[in-house]
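Student: Have a look at this one before I ask anything.
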Amino acid sequence: MDLLLRQRAAGAVEIMDLPDCDPQALDNTYRQFALINRVLSGWRRLYLREVRPFLADGSRPATLLDIGSGGGDLALMLARWAARDQLTLHVTGIDPDPRAAAFAARRTPVSGVAFRQAHSSDLVREGRQYDFVISNHVLHHLAAGQLQELLAHSEILAGHAALHNDLRRSPAAYALFSAAALPFRRSFIRADGLTSIRRSYTARELGAIAPPGWTVRAGSVFHQVLAYGGN
């Protein structure tokens, strides 16, 4: 396994990214991501550490852009956490994939959350700005030029902080996810999750390509955050 993970598998392709993948399995994958992201991605910790203090100190409703929002579960989760804390957070989720945008649009609406099919470049052209710009499990999908473009757009769009949360490649992450994902059936969760780990960066690799002003911070177990601005 060490040999499998020694180098980043930049050219590997996830099944859900294929245009002709099974649509029902893709919908199941989007649906199952809600549990994966709630339990494993570490966003509760990021919300408490990065987002909630800003909301509590603010005199106006805060705004957050979720780039590559997929099925929309993280955008909804963040808005619900803020509402539970009696704080106001307006969340916009964007994804260039029409399948993801359509799935998110079918979700039960939550006040203050909107989804649209768009690329970050569209929002830059529109002159948009948000207090927070985030992404979850997006960085490892991007070619080198695309990643630098995302970070450049994030600097323009984020008024307070950008937080790009992604997997950290390691044999332990691969082995544990391989076992933990066995119950997720009739979806691409396990196969694509293992491919994602192979495609992801180590902290050293991510730090080496990060532009000035960006830092790699520890996230949850087997995750890391490429961050700009903030606390």
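Student: Does residue 155 count as more than 15 Å from residue 68 (Cβ to Cβ) and either among the charged types (D, E, K, R) or in a strand (DSSP E or B) (or both)?
Tutor: Here the answer is yes, as residue 155 does meet what is asked.
Student: Against the conditions (1) in contact (Cβ under 8 Å) with a residue 40 or more places away in the chain; (2) within 24 Å of residue 11 (Cα to Cα), where does residue 161 fall short? Just the number, please.
Tutor: (2)
Student: So which residues in the range 31-48 are assigned to a helix (DSSP H, G or I), of a type outside the set (Val, Ile, Thr) and open to solvent by less than 80 Å² (accessible area, probe 1.4 Å), if there are any at all? Before the answer, list the steps.
Tutor: Residues of the range 31-48 that are assigned to a helix (DSSP H, G or I), as a first pass: 31-40, 43-48.
Going one step further and asking which of them are of a type outside the set (Val, Ile, Thr), we end up with 31-35, 37-38, 40, 43-48.
32, 33, 34, 37, 40, 43, 46, 47, 48, listed by residue number.
Student: Tell me whether the range 14-24 contains one or more residues that are in contact with a Ser or Thr (Cβ under 8 Å, 6 or more places away or on another chain) and either without any contact (Cβ under 8 Å) to a residue 40 or more places away in the chain or surrounded by 16 or more Cβ atoms within 10 Å (Cβ to Cβ) (or both).
Tutor: Looking for residues that are in contact with a Ser or Thr (Cβ under 8 Å, 6 or more places away or on another chain) and either without any contact (Cβ under 8 Å) to a residue 40 or more places away in the chain or surrounded by 16 or more Cβ atoms within 10 Å (Cβ to Cβ) (or both), one finds at least one in the range 14-24, hence yes.
Let's see how each residue does on (1) in a helix (DSSP H, G or I); (2) closer than 24 Å to residue 153 by Cβ; (3) among the basic types (Lys, Arg); (4) out of contact with any Leu (no Cβ under 7 Å at 6 or more places or on another chain):
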| position | (1), (2), (3), (4) |
| --- | --- |
| 20 | no, no, no, yes |
| 29 | yes, no, no, yes |
| 60 | no, yes, yes, yes |
| 64 | no, yes, no, no |
| 70 | no, yes, no, yes |
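Student: Could you tell me which numbered condition residue 196 fails, if it satisfies all but one of (1) of a type in the set (Gly, Ala, Ser); (2) at pLDDT 95 or above; (3) within 18 Å of the chain's Cα centre (by Cα); (4) more than 25 Å from residue 17 (Cβ to Cβ)?
Tutor: With respect to (1) of a type in the set (Gly, Ala, Ser); (2) at pLDDT 95 or above; (3) within 18 Å of the chain's Cα centre (by Cα); (4) more than 25 Å from residue 17 (Cβ to Cβ), residue 196 is out only on (4).
Student: What number of residues in the range 62-76 are touching a residue at least 40 places away in the same chain (Cβ under 8 Å), open to solvent by less than 10 Å² (accessible area, probe 1.4 Å) and out of contact with any Gly (no Cβ under 6 Å at 6 or more places or on another chain)? Spell out how you get there, then give the answer.
Tutor: From the range 62-76, those touching a residue at least 40 places away in the same chain (Cβ under 8 Å) are 62-75; that's our starting set.
Keeping just the survivors that are open to solvent by less than 10 Å² (accessible area, probe 1.4 Å) gives 62, 64-66, 71-72, 74-75.
Adding the requirement that they be out of contact with any Gly (no Cβ under 6 Å at 6 or more places or on another chain) leaves 62, 64-65, 71, 74.
Within the range 62-76, residues that are touching a residue at least 40 places away in the same chain (Cβ under 8 Å), open to solvent by less than 10 Å² (accessible area, probe 1.4 Å) and out of contact with any Gly (no Cβ under 6 Å at 6 or more places or on another chain) number 5.
Student: In addition: Filter the range 81-95 for residues that are within 17 Å of the chain's Cα centre (by Cα) and charged (D, E, K, R) and give the result.
Tutor: Answer for the range 81-95, where residues must be within 17 Å of the chain's Cα centre (by Cα) and charged (D, E, K, R): just 95.
Student: Considering only residues of the range 115-127 that are open to solvent by 60 Å² or more (accessible area, probe 1.4 Å) and either of a type in the set (Ser, Thr, Tyr) or within 20 Å of residue 72 (Cα to Cα) (or both), which is nearest to the chain's Cα centre (by Cα)?
Tutor: 119
Student: On the basis of being open to solvent by 50 Å² or more (accessible area, probe 1.4 Å) and part of a helix (DSSP H, G or I), does residue 208 make the cut? Don't jump to the end; show me each part of the working.
Tutor: Numbers: open to solvent by 50 Å² or more (accessible area, probe 1.4 Å): yes; part of a helix (DSSP H, G or I): yes.
When the stated conditions are applied, residue 208 passes them.
Student: Now, a different point. Quick one: in the range 211-231, which of the residues that are more than 24 Å from residue 53 (Cβ to Cβ) and at pLDDT 95 or above is surrounded by the fewest Cβ atoms within 10 Å (Cβ to Cβ)?
Tutor: If we filter the range 211-231 for residues that are more than 24 Å from residue 53 (Cβ to Cβ), which is where we start, we get 211-212, 222.
The next check asks that each one be at pLDDT 95 or above; those that pass are 211-212.
Numbers: 211: 12, 212: 4.
My answer is 212.
Student: Search the range 87-100 for residues that are within 14 Å of residue 113 (Cα to Cα) and pair each with any residue that is of a type in the set (Asp, Glu) when their beta-carbon atoms are under 8 Å apart and the residues are at least 6 apart or on different chains.
Tutor: 91/66; 92/66; 93/66; 94/66; 94/122
Student: With the requirement that a residue be part of a helix (DSSP H, G or I) and more than 20 Å from residue 8 (Cα to Cα), what does the range 172-205 give you? Spell out how you get there, then give the answer.
Tutor: The first filter runs over the range 172-205 and keeps only residues part of a helix (DSSP H, G or I), leaving 172-180, 189-199, 203-205.
Once the filter is applied, which keeps residues that are part of a helix (DSSP H, G or I) and more than 20 Å from residue 8 (Cα to Cα), the range 172-205 yields 179, 180.
Student: Does the range 78-99 hold any residues that are open to solvent by less than 70 Å² (accessible area, probe 1.4 Å) and over 19 Å from residue 28 (Cβ atoms), and which are they?
Tutor: Here is the first cut: in the range 78-99, the residues open to solvent by less than 70 Å² (accessible area, probe 1.4 Å) are 78-79, 81-83, 85, 87, 89, 91-95, 97, 99.
The answer is 78, 79, 81, 82, 83, 85, 87, 89, 91, 92, 93, 94.
Student: Looking for whichever is over 26 Å from residue 223 (Cα atoms), surrounded by fewer than 22 Cβ atoms within 10 Å (Cβ to Cβ), out of contact with any Pro (no Cβ under 7 Å at 6 or more places or on another chain) and hydrophobic (A, V, I, L, M, F, W, C) here; the options are 102, 152, 161, 144. Which one fits? Lay out the reasoning, then the answer.
Tutor: On the way: 152 fails: over 26 Å from residue 223 (Cα atoms); 161 fails: over 26 Å from residue 223 (Cα atoms); 144 fails: over 26 Å from residue 223 (Cα atoms).
None of the other options fit; the residue is 102.
The values are calculated or read from the model by the stated rules, or taken from the named source; none is laboratory data. Model, not experiment: these values are computed from the prediction. As a convention, Cβ positions derive from the backbone with ideal geometry for all residues, glycine included, and neighbour counts pool all protein chains shown. Heads up: the accessible areas ignore ligands, DNA and RNA and are worked out on the full protein's heavy atoms, side chains in. Shrake-Rupley method; radii C 1.70, N 1.55, O 1.52, S 1.80 Å.
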